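The values are calculated or read from the model by the stated rules, or taken from the named source; none is laboratory data. Note that the coordinates shown come from a computational prediction; the quantities given were computed from them, not determined experimentally. Using ideal geometry, Cβ is built from the backbone for each residue, glycine included, and neighbour counts are taken over all protein chains shown.
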Amino acid sequence: MSLLQVKDLSISFGGVKAVDGVSFDVEPGEVFTLVGPNGAGKSTIFNLISRLYEPGAGRITFDGEDITGRPAHDVAGLGIARTFQNIELFDHSSVLQNLLIGRHCRRDTRWFEELFFLPKVRRSERAHRRQVEEVIDFLDLAAYRDKLIAGLPYGVRKVVEIARALSSEPKLILLDEPASGLSVEETQNMAWWIEDMQKDLGLTVLMVEHDMSLVSRVSNRVLAVAEGRPLAMGTAAEVQADPKVIEAYLGTEETA
Amino acid sequence: MSNRFKSRYDDDINLFEGRWHLAQYALLIALLLAAPWLLGVYYLGELTAVLIWSLAGLGLMLISGHTGQVSLGHAAFMAIGAFTNLALMMRGWHFIPALLASAVSSGVIGAIISRPILRMSGIYLAIATLALSIIIEDVSIMAESITGGVAGLFAPPIDLFGLTIDRYSSPRAFYYLCLAVLVIVTLGYLNLLRSASGRSFLAVRDSEVSARALGVNVARAKTLSFALSCAMTGLAGALYAHLAQAVNYESFLVLISITLLLQVVIGGLGSVHGAFFGALVVVLLPQSIAMLRDFLNNTAGISIAAYPGMDTALFALLILLMVIYEPRGLYGVWFKVRTWLQLFPLYRKGMFRRTRTYLKTERQR
Amino acid sequence: MDILQLLVSGIANGCIYGLLALGFVLIYKASEAVNFAQGDMMMLGAFLGITFINASYADLPFLIGITLAALILGLFGYLLDRFVLRAIFGQPQFAMVILTIALGFLMRFFAGVVWGHDPTSLETPFIGKVWMLGELMIPVVDAVIILTTVALTSILYFFFARTRLGVAMQASSQNQMAAYYMGIPVKRINAIVWALSGVVAAIAGVLFAAKGAVEPSVGLLFGIKAFAAAVIGGLGSLPGALLGGLLVGIVEPFAGRYLPEVGQIAPYLLMLVVLVLRPGGLFAQISQKKV
């Protein structure tokens, strides 16, 4: 059974149909990529899945459960984590603090217990930190652990975004343009991490990406969308060769 | 910026960073406990005022400094706490239950109000809380049966464990009472900050969107923060009522709300220390100006006219300079000084240079 | 008839609130800054007007006095932005709030030192004069206020919507960095807007002084009420500011007459109701951030 099922998803902003009848399934353990020209609605699909937007129509099913009506803050607890295209880290906190906030959906203490810092709160804190250290190890962030986000270079921040998403122990991770703004080496590292996430952590990855070399390298399946509508689905090579996709990116012989 | 080597998770989790850190604060507590013997009655009273305003400032710091929701209306909750406490004590309640009740009433009212109000943000939230402060001013007059109307209420003496504590007849005992309340509340605050609740507040402050995506129920976090914040400020209001011995609507004017916000800003928004630094400035500034004036008069024969409102103007000038040159407030200054001392002689001037930022519109959130 | 009378007086007051709210919105539209000292600037304008117009001071004709006050306060606004506010350029909006609050304190102190704390009135050529419209009494001062406000609002609306400078100001208020890239002299524009706002505040101040007594602390509460008016109308909208001011001006006397318990706080209750039902005011301008 698919881990994520998106069926006939649609949303309009004002008069613009940003997403128009998009359907796809993501199988557990695969890396599934959404590609398409800018403004195609890819990030909007992400925002719909992570429930930051309300769909006008359609249904989203995750792990057998219909989540179309769930509030955004429930999504992390269900096992979906995401990164943001324009990094949305907590600038005034350290990397460690950011990752610890990532553990919020796995919280097991109430505020009045925390007020008195009961022993169970201390045990809980230690457990969270243990978990977070594993993520830090996985992504080689140990050197930045106590540094404030505000002073970190862009490439590191992108990695911290992913680390924070991983801290919540998700089943599905949504990566929104993980390679944008990265150098060739950093993109190479990103490819390795995505592969590691899939193989070592057993995660399912849903990704939006423009860098076709990265897409070809890590993706199992690719869905191309343009103007909110699906164009073609298949392997990276198949989608890249599809005439409708080429037309959406480059135009036809008449318009090229 | 000290070079600590941490070897256990507890090194991060604990309140104190090590024996030296603990010793510093132990010394501070010892000095505070010894204060009644070190200071005369007048200055002990001033110190008590500092403690009470620190408590009020802590309340505001939680919601504005750590959760990012600006409030220009916190005097309203001081009023609620003060009137609840006095009204209950006048009806025969003992002090401690009345004190707890004032915290609870401020907190609950804060929680109720927070739902509609905290849906707003930025400048709308500021003006809404400002309006709240003005409305409560009026309610303080209207609700005569509770608040004594225009005339207000007098503070009855406190009966505690057989002692009768009153600000004038037993200043020492009153001082210790305020100190105890402040220390307990501060510990609770620090505990919240180092656990999931505190982190959720910081998350709401820095990015609501990603907080939501990480599982933080933003509305509930804001409500919890506001409720606790109002409870703390309500507690401060109750103690203030006993400090001032009488309160009415004029004790909690809009100007107090504004001054409270300026106080936490000058202290350092976003730091616990800031509440204390700010209170020190607000309480001791008029005193310092008077002393400075006397000093100049006696030594150099310079006589500066005593214009009304001079201390407020000087306070405003300090705020101006602080906002322009050190937005992190007195805490920022203290932090830099401490870093300089710790790194001596390797401190570099460009260490805290701020990167140039451009204003992005706040109309898109 | 009684109602009409209340209405006229309310509209006149509302115009003054509206002008002040206009000053807020001018600055907000241009640089998304909020001027908590707007009321205090109005107070300074009132005192300047008194200094120029009153017989015991300079005894100048009314129109010259109001023009001089407007020019001086305009210059003051320009200098304020150029030398004080520019220092916090790029800092978040909150810093501006704190800064202008502090500036308000300083202005009040300054006014107290220069003009003292006794309430002073403006001696205008239309004191006590009244127009009779049937049985309706329209004080000339109220009529002057209303006409001045309408004229000023129209000029400003046209300015922002049609002139190049106005459009540039709008761009600058939405994204400073992008405005820079488009060659807009953002800092100079901000200073001009503050000057404009000073002019409007001065005019409001002189009109205010024509109706009532002035002393240094009037600015605070008046400014807050005008701020509420601007918020009711929606902070990005000039006609909204005027409408908000009118609403507040009308609600006050009517609430005072028919609901005396809430009379004083009626404008604030109104504002809270508007904000809860329609966040952002009647002509709201908030959109969703794209992530």
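Taking region B:43-73 as the range and being closer than 22 Å to B:VAL216 by Cα and free of Cβ contacts under 8 Å to residues at least 60 places away in the same chain as the test, no residue passes. Within region C:37-58, the residues that satisfy the criterion of being part of a helix (DSSP H, G or I) and either surrounded by fewer than 24 Cβ atoms within 10 Å (Cβ to Cβ) or of a type outside the set (Gly, Ala, Ser) (or both) are C:GLN38, C:ASP40, C:MET41, C:MET42, C:MET43, C:LEU44, C:PHE47, C:LEU48, C:ILE50, C:THR51, C:PHE52, C:ILE53. Residue check: A:LEU52 meets all listed conditions (1) buried (at least 21 other Cβ atoms within 10 Å of the Cβ); (2) within 15 Å of the chain's Cα centre (by Cα) but one, namely (1).
The residue list B:PRO308, B:PRO345, B:PRO327 contains one member that is at pLDDT below 80 and either within 21 Å of B:LEU284 (Cβ to Cβ) or crowded, with 16+ Cβ neighbours inside 10 Å (or both), which is B:PRO308.
Residues are listed down the side, and each one gets a yes or a no for (1) without any contact (Cβ under 8 Å) to a residue 24 or more places away in the chain; (2) more than 10 Å from chain B (Cβ to nearest Cβ); (3) closer than 21 Å to B:GLY68 by Cβ:
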residue: A:THR61; (1), (2), (3): no, yes, no
residue: A:HIS92; (1), (2), (3): no, no, yes
residue: A:VAL95; (1), (2), (3): no, yes, yes
residue: A:ARG110; (1), (2), (3): yes, no, no
residue: A:LEU118; (1), (2), (3): yes, no, no
residue: A:ARG123; (1), (2), (3): yes, yes, no
residue: A:GLN131; (1), (2), (3): no, yes, no
residue: A:LEU141; (1), (2), (3): no, yes, no
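Out of all the residues in region C:64-83, which are crowded, with 18+ Cβ neighbours inside 10 Å and within 14 Å of another protein chain (Cβ to nearest Cβ)? Those that are crowded, with 18+ Cβ neighbours inside 10 Å and within 14 Å of another protein chain (Cβ to nearest Cβ): C:LEU80, C:ASP81. Going by the structure shown, is B:GLY40 under 29 Å from A:ARG126 (Cα atoms) and at pLDDT below 95? For B:GLY40, the condition - under 29 Å from A:ARG126 (Cα atoms) and at pLDDT below 95 - is not met. Among the criteria (1) within 12 Å of chain B (Cβ to nearest Cβ); (2) touching a residue at least 40 places away in the same chain (Cβ under 8 Å), the one C:LEU99 does not fulfil is (2). Of all residues in region C:136-144, at least one satisfies being touching a helix residue (DSSP H, G or I) at 6+ places or on another chain (Cβ under 9 Å), of a type outside the set (Val, Ile, Thr), exposed (fewer than 15 other Cβ atoms within 10 Å of the Cβ) and at pLDDT below 85. So, A:GLN188, is that one out of contact with any strand residue (DSSP E or B) (no Cβ under 8 Å at 6 or more places or on another chain) and buried (at least 17 other Cβ atoms within 10 Å of the Cβ) or not? So A:GLN188 fails the test.
Considering region C:84-96, and only residues there that are of a type in the set (A, V, I, L, M, F, W, C) and more than 7 Å from chain B (Cβ to nearest Cβ), the residue that is farthest from C:MET177 (Cα to Cα) turns out to be C:VAL84.
Just one of the listed residues (C:ALA168, C:ALA161, C:ALA191, C:ALA226) is touching a residue at least 60 places away in the same chain (Cβ under 8 Å) and either farther than 26 Å from B:ILE134 by Cα or in a loop (DSSP other than H, G, I, E, B) (or both), namely C:ALA191. Considering only residues in region C:145-164 that are exposed (fewer than 13 other Cβ atoms within 10 Å of the Cβ) and more than 17 Å from the chain's Cα centre (by Cα), the one that is modelled with the lowest pLDDT turns out to be C:ALA161.
It is to be established whether one or more residues within region B:16-39 are in contact (Cβ under 8 Å) with a residue 12 or more places away in the chain, within 14 Å of chain A (Cβ to nearest Cβ) and either surrounded by fewer than 17 Cβ atoms within 10 Å (Cβ to Cβ) or among the aromatic types (Phe, Trp, Tyr) (or both). Taking every residue of region B:16-39 in turn, at least one turns out to be in contact (Cβ under 8 Å) with a residue 12 or more places away in the chain, within 14 Å of chain A (Cβ to nearest Cβ) and either surrounded by fewer than 17 Cβ atoms within 10 Å (Cβ to Cβ) or among the aromatic types (Phe, Trp, Tyr) (or both).
Residue-by-condition table, conditions (1) within 14 Å of another protein chain (Cβ to nearest Cβ); (2) of a type in the set (Asp, Glu); (3) within 21 Å of A:VAL208 (Cα to Cα):
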| position | (1), (2), (3) |
| --- | --- |
| A:GLY15 | no, no, no |
| A:GLY21 | no, no, yes |
| A:VAL26 | no, no, yes |
| A:GLU30 | no, yes, yes |
| A:THR33 | no, no, yes |
| A:PHE46 | yes, no, yes |
| A:ILE49 | yes, no, yes |
| A:PHE84 | yes, no, yes |
| A:ILE101 | yes, no, no |
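Filter region B:224-252 down to residues that are polar (S, T, N, Q) and at pLDDT below 95, then give me how many there are. Number of matching residues: 3. If you filter region C:100-135 down to residues that are part of a loop (DSSP other than H, G, I, E, B) and small (Gly, Ala, Ser), you find that the one that is surrounded by the most Cβ atoms within 10 Å (Cβ to Cβ) is C:SER121. As a summary of the residue check, C:PRO61 satisfies the conditions (1) surrounded by 18 or more Cβ atoms within 10 Å (Cβ to Cβ); (2) away from every other protein chain (no Cβ under 11 Å); (3) out of contact with any Lys or Arg (no Cβ under 8 Å at 6 or more places or on another chain) except for the one numbered (1).
Okay, residues lined up against (1) in a helix (DSSP H, G or I); (2) under 15 Å from A:ARG106 (Cα atoms):
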site: A:SER124; (1), (2): yes, yes
site: A:ASP140; (1), (2): no, no
site: A:ASP146; (1), (2): no, no
site: A:ALA163; (1), (2): yes, no
site: A:PRO170; (1), (2): no, yes
site: A:ILE173; (1), (2): no, no
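Taking the criterion of being more than 7 Å from every other protein chain (Cβ to nearest Cβ) and more than 18 Å from the chain's Cα centre (by Cα), the residues of region B:323-333 that qualify are B:TYR325, B:GLU326, B:VAL333. Can you find even one residue in region B:137-158 that is without any contact (Cβ under 8 Å) to a residue 60 or more places away in the chain, in a strand (DSSP E or B), away from chain C (no Cβ under 14 Å) and closer than 21 Å to B:LEU33 by Cα? Within region B:137-158, not a single residue is without any contact (Cβ under 8 Å) to a residue 60 or more places away in the chain, in a strand (DSSP E or B), away from chain C (no Cβ under 14 Å) and closer than 21 Å to B:LEU33 by Cα. Considering the conditions (1) farther than 23 Å from A:ILE149 by Cα; (2) part of a helix (DSSP H, G or I), B:ALA211 is excluded by exactly one of them, (1).
Every condition in (1) among the polar types (S, T, N, Q); (2) touching a Ser or Thr at 6+ places or on another chain (Cβ under 9 Å); (3) without any contact (Cβ under 8 Å) to a residue 12 or more places away in the chain is met by B:SER197 except one, and the failing one is (3). If you filter region B:97-118 down to residues that are touching a residue at least 40 places away in the same chain (Cβ under 8 Å) and either among the charged types (D, E, K, R) or surrounded by fewer than 19 Cβ atoms within 10 Å (Cβ to Cβ) (or both), you find that the one that is nearest to the other protein chains (Cβ to nearest Cβ) is B:ARG115.
Matching residues to (1) part of a helix (DSSP H, G or I); (2) charged (D, E, K, R); (3) over 20 Å from B:VAL181 (Cα atoms):
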{"residue": "B:PHE83", "(1), (2), (3)": "yes, no, no"}
{"residue": "B:LEU88", "(1), (2), (3)": "yes, no, no"}
{"residue": "B:LEU99", "(1), (2), (3)": "yes, no, no"}
{"residue": "B:SER102", "(1), (2), (3)": "yes, no, no"}
{"residue": "B:GLY107", "(1), (2), (3)": "yes, no, no"}
{"residue": "B:MET120", "(1), (2), (3)": "no, no, yes"}
{"residue": "B:LEU132", "(1), (2), (3)": "yes, no, yes"}
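Listed here are the residues, each with its yes/no results for (1) crowded, with 22+ Cβ neighbours inside 10 Å; (2) of a type outside the set (D, E, K, R); (3) more than 14 Å from the chain's Cα centre (by Cα).
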{"position": "A:PHE24", "(1), (2), (3)": "no, yes, yes"}
{"position": "A:GLY29", "(1), (2), (3)": "no, yes, yes"}
{"position": "A:THR61", "(1), (2), (3)": "no, yes, yes"}
{"position": "A:ARG70", "(1), (2), (3)": "no, no, yes"}
{"position": "A:ALA76", "(1), (2), (3)": "yes, yes, no"}
